[in-house]
């Protein structure tokens, strides 16, 4: 029968999380015959070309890296010459049918949710925004509808209250590598049954917009806390203090103080931090970043900016 190491694989990806998955698969001796990613993009003020994290891992490991701007005849020709058995995709755009059906066994996608929950571009962040207590991973075969293909394997795990997007991403990487390996072994064996997704249970995890990162102090304390978790370690939840933009990276729920007006600072202390009122309680800001400065612990911010009770975050 053989195992996953017998398969010739092409890997599609671009993002940091995708590069970590690729790195893990290389360490597990997956036979990757080609890595397909986007061409280098200009980034930052200097518009210097920045390579995709997946490209960096591919080159470091001496793999055949194919950079693309668009799907065209020359891309198809390059993939054709690799003669792949299976495609794996993680953190890449939408593939046309001609490409995901090209490998002999099709193309599988790793998605960081328990599909059909959280279909879309940002499942990790939306799991936290929605305050889910559990999420998971799904491998499925690509079809022409986003995140809707037949499921090969799923694994559920807990989202602990102290977990932010950074912690949840690390969990996805650690478990994601193994679920792909297990899925490949099943595909090689042929001894598995696909599970159809129930579209009526589907929820969306759309791409986030700039306004999604702005904290609304009229929300409940737990909802604000969940948003801070979802946007940490990057890009940070946005609010304003004394007319200046600041980002919040860590908060705790405060069960001791009564709320006042949303956004009002009700207590300032070295122990608790900056305690801010919400619609139904108080949260303590623990890590904050003033505009143009580094992230700092809240005590440094209190001392540097002489924060007082009665002031407002808006």
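The values are calculated or read from the model by the stated rules, or taken from the named source; none is laboratory data. Source: prediction; values computed, not measured. Note that each Cβ is placed from the backbone with ideal geometry, even for glycine, and that neighbours are counted across all protein chains shown.
Things worth noting here:
- Residue within segment 223-237 that is surrounded by fewer than 21 Cβ atoms within 10 Å (Cβ to Cβ) and touching a strand residue (DSSP E or B) at 6+ places or on another chain (Cβ under 6 Å) present: yes
- Meets criteria (without any contact (Cβ under 8 Å) to a residue 12 or more places away in the chain, within 18 Å of the chain's Cα centre (by Cα) and under 17 Å from residue 130 (Cβ atoms)) for residue 160: yes
- Residue in segment 162-184 that is modelled with pLDDT under 95, assigned to a loop (DSSP other than H, G, I, E, B) and assigned by TED's automatic domain parsing to the domain that holds residue 23 present: yes
- Members of segment 190-213 found to be closer than 19 Å to residue 121 by Cβ, touching a helix residue (DSSP H, G or I) at 6+ places or on another chain (Cβ under 9 Å) and either surrounded by fewer than 13 Cβ atoms within 10 Å (Cβ to Cβ) or at pLDDT below 95 (or both), listed by number: 206
- Index of the failed condition, residue 117 passing every other in (1) over 14 Å from residue 153 (Cα atoms); (2) modelled with pLDDT of 95 or more; (3) not in a loop (DSSP other than H, G, I, E, B): (3)
- Members of segment 125-139 that are free of Cβ contacts under 8 Å to residues at least 60 places away in the same chain and either closer than 30 Å to residue 72 by Cβ or not in a loop (DSSP other than H, G, I, E, B) (or both): 134, 135, 136, 137, 138, 139
- Wholly within segment 245-297, strands (runs of 3 or more DSSP E) carrying at least 1 residues that are surrounded by fewer than 14 Cβ atoms within 10 Å (Cβ to Cβ): 265-269
- Selection from segment 265-280 of residues that are closer than 17 Å to residue 239 by Cβ and in contact (Cβ under 8 Å) with a residue 60 or more places away in the chain: 277, 278, 279
- Taking every residue in segment 110-124 that is on the phi > 0 side of the Ramachandran plot and pairing it with any residue that is assigned to a loop (DSSP other than H, G, I, E, B) and surrounded by fewer than 21 Cβ atoms within 10 Å (Cβ to Cβ), at least 6 positions away or on another chain, the pairs with Cβ-Cβ distances below 8 Å are 118/203; 120/146; 120/206; 120/207.
- Checking each residue of segment 214-227 against the condition of being under 13 Å from residue 113 (Cα atoms), touching a residue at least 12 places away in the same chain (Cβ under 8 Å) and either out of contact with any helix residue (DSSP H, G or I) (no Cβ under 6 Å at 6 or more places or on another chain) or not assigned by TED's automatic domain parsing to the domain that holds residue 282 (or both) gives no match.
- Failed item, numbered, when residue 148 is tested on (1) surrounded by fewer than 16 Cβ atoms within 10 Å (Cβ to Cβ); (2) in the same structural domain as residue 19 (by TED's automatic domain parsing); (3) part of a loop (DSSP other than H, G, I, E, B); (4) touching a residue at least 40 places away in the same chain (Cβ under 8 Å): (1)
- Selection within segment 230-249 - more than 15 Å from residue 208 (Cα to Cα) and free of Cβ contacts under 8 Å to residues at least 40 places away in the same chain: 243
- Condition check for residue 83: at positive phi, in the same structural domain as residue 173 (by TED's automatic domain parsing) and either over 23 Å from the mean Cα position of the chain (by Cα) or at pLDDT below 90 (or both): yes
- Only one of 55, 8, 20, 43 that is in contact with a strand residue (DSSP E or B) (Cβ under 6 Å, 6 or more places away or on another chain) and farther than 20 Å from residue 79 by Cβ: 43
- Listed by position, the helices (runs of 4 or more DSSP H) inside segment 1-108 whose residues that are touching a helix residue (DSSP H, G or I) at 6+ places or on another chain (Cβ under 9 Å) and touching a residue at least 60 places away in the same chain (Cβ under 8 Å) number at least 3 are 16-27.
- Residue within segment 84-95 that is within 30 Å of residue 251 (Cα to Cα) and crowded, with 16+ Cβ neighbours inside 10 Å present: yes
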